[in-house]
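Peer 1: This structure is in structure tokens; I'll ask about it shortly.
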Amino acid sequence: MHRRTLYSLSSTVSLLRRNIRVNQRLVVVSTASYSTKTVAFTADTYSHKVQRDPKFKKLDDADIEFFKGVLTDKGLITDADDLLFYNEDWMRKYRGQSQLVLKPKTTEQVSQILKYCNEQKLAVVPQGGNTGLVGGSNPIFDEIIISLSSMNKIRSFDSVSGILKLDAGVILETADQYLAEQGYIFPLDLGAKGSCHVGGNVACNAGGLRLLRYGSLHGSVLGLEAVLPDGSIYDSMHSLRKDNTGYDLKQLFIGSEGTLGIITGISILCPSRPQTQNVAFLAVSSYEAVQKVFVEARKELSEILSAFEFMDGTSLYLTGKHLKLDNPIESGEYPFYILIETSGSNKEHDDEKLENFLAGAMEAELVDDGIIAQDESQIQSLWSWRESIPEGVTATGGVYKYDVSIPLPELYSLVEACNERLQEAGIVSLEDESKPVVAAVGYGHIGDGNLHLNVSVRKYSSEVESLLEPFVYEWIQSRKGSISAEHGLGFQKKNYIGYSKSPVEINMIKEIKNHYDPNGIMNPYKYV
Ligand code: FAD
Ligand code: MLT
Ligand code: ZN
């Protein structure tokens, strides 16, 4: 293993110039670039788990005429080829059979649509950017897809308070670019930012890359506008940070995954944009070291620490293979890598702090090697390595994803336990194409105690899935973790909520659902 004191800003420049393609922003999200395969219908793959509920009406010509009356012809998609994008998920694991996508432009139109669907018992699936990772944004059978992509206006921005009000269908990156012009930043960032909607982010309570710094959407969202299944419009588009009058109803929608209503507007508190940022990419030789570096980073970088992400060597290997790029650390391959970001207002101060911190970490032999980005494009390139992992591990043919919260000391043991199990079954190999599984890998948001266990496969198969589930969920339950730290329940985890919630909690959730959606039209076959 190479050991070299290269943390210093000056000595790092040459390394970066050699290894990182300057001014090249890697493509992070592409829906179907890795495979042209046909995705099996969810209803067929999981026919043993789910059947169409006959209480739901099948779409007919009269329904289409009604929707045309509300939206005109332009607001409907019925062409089979055009429907494909909306029916399939990002992982190409789930595929619904919807015959209709509706694209309302106003909250009033959403209200008319939902009222009609509720009366007619037509099941619906709200859809944002369709980047969700638990099969929540696609129909299972013939549910109507209601896409928010035509509701994409910034409504207002208050440059004194930093409160942004916007339509649910605004793309996250668009919202952030708008805020950048005002000197502010969106308090959420994630790899799918170029495609996902802020409404989708709120609907699944996305965590992302900087939760450690800006907190959860449960804290930053100040108000919502949402349409309930009966068509009534819940309007709480407040600009108030403090409001203790009654239950905080907006919280019900944050993380509801389209099961209670359709979010149409969001009011969110945005922080000032940092004036200076640093990104360091470090190689370490054990998961123990990852934890120790995290403890030191919190202590030494404290208020300027804005992200602390980790990934194992196999995640990085698969990502590099997919992107056709060499490992950013030139001295070799390491068991674990860490990405640290600092954000602040004084470059000299932050540089010095980071340099001192890295000097300490190298001296204590916690860090084996590392690089520090020297400019914005290098920052972007280093982030691309982390943000491209989801695509890198899926590019082999498919992926079984688990986004879990486990107390930090045991976090990575889940990846080891999975690899052991797959090896015992003789079905895993990084290179041997005849084995169905490529590898179980781990990466994620150490700062939030959130591991992404990804089992990269050559194709989806019930044999692999039954080895992983419920094994993974039982393992998490025995450590008192959560089976979903950020992606939600969707279709994938519908039957598994009991591993993280008690019967009393599940009952309360079901009662709330039945109260607001008594006909069960909102995103059926999912969540609970
Ligand atoms: P969709 O996928 O369209 O929908 C997600 C769920 O929300 C569905 O159940 C849907 O019915 C519902 N929904 C969508 N819009 C609305 C609405 N307006 N009203 C009511 N319900 C609605 N997640 C993280 O938490 N952290 C990450 O770091 C992260 N990184 C990602 C990186 C990549 C490359 C990808 C592909 C995904 C990532 N995700 C991450 C998953 C994440 O949940 C989504 O990217 C994002 O939050 C979903 O937004 P969307 O608009 O695509 O929603
Ligand atoms: C991430 O952190 O990269 C996302 O949550 C997506 C994923 O887990 O693949
Ligand atoms: Zn994540």
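The values are calculated or read from the model by the stated rules, or taken from the named source; none is laboratory data. Please read these numbers as outputs of a predicted model, since none were measured by experiment. Quick reminder, even Gly has a Cβ in these numbers, built from the backbone with ideal geometry, and neighbours come from all protein chains shown. We work out accessible area using only protein heavy atoms, side chains counted, and drop any ligands, DNA or RNA first. Shrake-Rupley method; radii C 1.70, N 1.55, O 1.52, S 1.80 Å.
Peer 1: If we only count strands (runs of 3 or more DSSP E) wholly inside the range 249-329, which ones have 1 or more residues that are in contact with a helix residue (DSSP H, G or I) (Cβ under 6 Å, 6 or more places away or on another chain) and more than 30 Å from I233 (Cα to Cα)?
Peer 2: 276-284, 305-312
Peer 1: Filter the range 500-521 for residues that are part of a helix (DSSP H, G or I), in contact with a strand residue (DSSP E or B) (Cβ under 9 Å, 6 or more places away or on another chain) and open to solvent by less than 60 Å² (accessible area, probe 1.4 Å) and give the result.
Peer 2: The one that is part of a helix (DSSP H, G or I), in contact with a strand residue (DSSP E or B) (Cβ under 9 Å, 6 or more places away or on another chain) and open to solvent by less than 60 Å² (accessible area, probe 1.4 Å): K513.
Peer 1: Right, something else. Every residue in the range 388-412 that is farther than 16 Å from A485 by Cα, among the hydroxyl-bearing types (S, T, Y) and open to solvent by less than 40 Å² (accessible area, probe 1.4 Å), please.
Peer 2: Residues satisfying the conditions are S388, T394.
Peer 1: Read through the list (1) away from ligand 1 (no atom under 15 Å from the Cβ); (2) under 17 Å from E309 (Cα atoms), then give the number of the only condition that L468 fails.
Peer 2: Evaluating L468 over (1) away from ligand 1 (no atom under 15 Å from the Cβ); (2) under 17 Å from E309 (Cα atoms) leaves (2) as the failure.
Peer 1: Might you check whether a residue that is assigned to a loop (DSSP other than H, G, I, E, B), open to solvent by 20 Å² or more (accessible area, probe 1.4 Å) and β-branched (V, I, T) occurs anywhere in the range 147-160?
Peer 2: Taking every residue of the range 147-160 in turn, at least one turns out to be assigned to a loop (DSSP other than H, G, I, E, B), open to solvent by 20 Å² or more (accessible area, probe 1.4 Å) and β-branched (V, I, T).
Peer 1: Is it the case that K165 is open to solvent by 10 Å² or more (accessible area, probe 1.4 Å) and touching a strand residue (DSSP E or B) at 6+ places or on another chain (Cβ under 6 Å)?
Peer 2: Here the answer is yes, as K165 does meet what is asked.
Peer 1: Next question, about the same structure. From the list L224, L212, L179, L190, which residue is within 16 Å of ligand 3 (Cβ to nearest atom), of a type outside the set (V, I, T) and not in a loop (DSSP other than H, G, I, E, B)?
Peer 2: L212
Peer 1: Which of the residues spanning the range 399-415 are among the acidic types (D, E) and within 13 Å of ligand 2 (Cβ to nearest atom)?
Peer 2: Once the filter is applied, which keeps residues that are among the acidic types (D, E) and within 13 Å of ligand 2 (Cβ to nearest atom), the range 399-415 yields only D403.
Peer 1: Something else about it: Could you give every pair whose Cβ atoms fall below 9 Å, whose first residue belongs to the range 163-174 and is in the same structural domain as I185 (by TED's automatic domain parsing) and over 13 Å from S195 (Cα atoms), and whose second residue is crowded, with 24+ Cβ neighbours inside 10 Å and of a type in the set (F, W, Y), counting only separations of at least 6 or pairs across chains?
Peer 2: Pairs that qualify, where the first residue is in the same structural domain as I185 (by TED's automatic domain parsing) and over 13 Å from S195 (Cα atoms) and the partner is crowded, with 24+ Cβ neighbours inside 10 Å and of a type in the set (F, W, Y), are L164/F186.
Peer 1: Please state which one of Y234, Y184, Y247 is among the aromatic types (F, W, Y), away from ligand 3 (no atom under 16 Å from the Cβ) and without any contact (Cβ under 8 Å) to a residue 24 or more places away in the chain.
Peer 2: Going through Y234, Y184, Y247 in turn, the sole match is Y247.
Peer 1: I need the full set of residues from the range 196-208 which are within 6 Å of ligand 1 (Cβ to nearest atom) and in a loop (DSSP other than H, G, I, E, B), in order please.
Peer 2: Result: C196, C204, A206, G207, G208.
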